[in-house]
Amino acid sequence: MKFEILTIFPEYFGVLSQSLIGKAIREGVLDVSVTNIRDYSKDKHSRTDDYPYGGGAGMVMTPDPVVSAIEAVDPDHKLKRVYLSPKGKQLKQKLVEELAKEEQGLLLLCGDYEGIDERIIDLCIDEEISIGDYVLTGGELPALVLINAVARYVDGVLGSSESTNEESFSNGLLEYPHYTRPAVYRGLKVPEVLQSGNHGEIAKWRKEQSLRITKERRPDLLN
Ligand code: 4GS
């Protein structure tokens, strides 16, 4: 799957060389490209921002470098073009799964400063997505969060021992607790049932635990 990232801070995306995502990129399962919007500025100082019409605090990303960069990396509009912003649709597991089905891949536009000129959204953007109700300094971390969550659904990214089937949200519930060796650690014992080898009883215990923790911490998920 292709991820085409547009940003004025390309260094943020160095972390994509790490972990399962980095491995998938090296294997060619994921194709990530990072473009510096500044390279498309026609200004002699390569400026990408300007003062807001109407006044007020902060700077606004100017349309031309952004629109030119988008048109250069996706000339035939084959990619689903996403702008990361707190005004967008909130990223939930269901939306993550939908995004992973985009055959051609995703273009992710990261805005910095106060925001971007609204006409960039009017002209180029297919969907605005938010990673949550808080304000960051830029859209780079949201883009990394989205890539990480979506990549897990791309065939070949997770190994056979990791799965999207039994984790939190896959069944609408929070996950049951996990344990590994030793059977006793600082006096705390692994629940007996998990050591019983009785797969029916283990499945029942895990379901009960999932329901218990969801009721306690996220009762909103049960409705
Ligand atoms: C988010 C968010 C965000 C908003 C970018 C202020 C700089 C900042 N983007 N989900 N301008 N939350 N963006 O906080 O996506």
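Only the coordinates and a few stated rules stand behind these numbers; no lab work does. These numbers come from a predicted model, not from an experiment. Cβ: placed from backbone, ideal geometry, glycine included. Neighbour counts: every protein chain shown.
List the trypsin sites (Lys or Arg not before Pro) within the stretch 166-204 that fall in a DSSP loop (any state other than H, G, I, E or B) and whose Cβ has at most 15 other Cβ atoms within 10 Å. Please report the intermediate quantities before stating the final value.
Working: sites: R186, K189, K204; in loops: R186.
For trypsin sites (Lys or Arg not before Pro) across the stretch 166-204 that sit outside H, G, I, E and B with at most 15 neighbouring Cβ atoms in 10 Å, the list reads R186.
Each helix, a run of at least 4 DSSP H residues, gives -39500 (n - 2.57); summed and divided by the residues of the chain, these come to -9000 deg cm²/dmol at 222 nm.
The lysine pair count for the stretch 1-145, using Cα distances under 22 Å and pairs eight or more places apart or on different chains, is 16.
Quick one: dipole size for the stretch 120-212, taken about the Cα centre, charges +1 on Lys/Arg Cβ and -1 on Asp/Glu Cβ, in debye to the nearest 20. Walk me through the numbers on the way to the answer.
Working: 8 positive and 14 negative charges, 188 e Å.
The calculated dipole for the stretch 120-212 is roughly 900 debye.
Between helix 199-217 and the chain, what is the angle of the helix's C-alpha long axis to the longest principal axis, kept within 0 to 90° and rounded to the nearest 10? In the chain, helix 199-217 runs at an angle near 50 degrees to the longest axis. Largest GNM mean-square fluctuation among D155, D133, D112, using the chain with Cα springs under 10 Å: D133.
Legend: ranking of residues C124, C110 from fewest to most surrounding C-beta atoms inside 10 Å; resulting order C124, C110. With a Förster radius of 45 Å applied to the beta-carbon distance between D133 and E192, the computed FRET efficiency rounds to 0.60.
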